[in-house]
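We did not get these values from a lab; they are worked out from the coordinates using the rules stated. What you see is a predicted model, and the numbers here were worked out from it, not measured in a lab. With ideal geometry, Cβ positions are generated from the backbone for all residues, glycine too; neighbour counts draw on all protein chains shown.
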Amino acid sequence: MSELAEVLHQTRELLARPGSDFSWSHWNNQEDALREIDSFARQFEVGDLSRRQELELLFAPTGSLQEVSMNSGWGEEYHMLAEKFDSLIKLV
C-alpha cells in the first residue's frame, strides 16, 4: 500500500504543477483534481479500497489523468506512473 500511496503522491505533484490543463478531464479545475486525489490517498492509507474501481478509471487510457497529462506537457512522466500504478493495484 505504501508504494501505491507514493504513486498517488507523485500523481498529485504532477497535477499541482502550474499551467496544467483540465479542460478535457472530468475536473473543473486543479483544486477539484487535487481534492479527489487527496481523498483517494487518505482512503488507501487506512486500507479502504471501496473506491478502487473509480481510481482505476482515473488511471485508465483516456481517463482524466491521461487527458490532463497530455494537455499539460507531462504525458511521459504520467505514463511511467500509470504503468507503476497498474502493476501495484493488481497486488492489492
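Working carefully through the options 81, 55, find the one that is in contact (Cβ under 8 Å) with a residue 12 or more places away in the chain and in contact with a Phe, Trp or Tyr (Cβ under 7 Å, 6 or more places away or on another chain).
Just a single option satisfies the conditions, and that option is 55.
State yes or no: is residue 87 of a type in the set (Ser, Thr, Tyr), at negative phi, surrounded by 14 or more Cβ atoms within 10 Å (Cβ to Cβ) and in a helix (DSSP H, G or I)?
No: the conditions fail for residue 87.
In the range 44-58, what residues are surrounded by fewer than 17 Cβ atoms within 10 Å (Cβ to Cβ), in a helix (DSSP H, G or I) and within 14 Å of the chain's Cα centre (by Cα)?
Result: 52, 53, 54, 56, 57.
Is one or more of the residues making up the range 59-78 loosely packed, with under 13 Cβ neighbours inside 10 Å and of a type in the set (A, V, I, L, M)?
no
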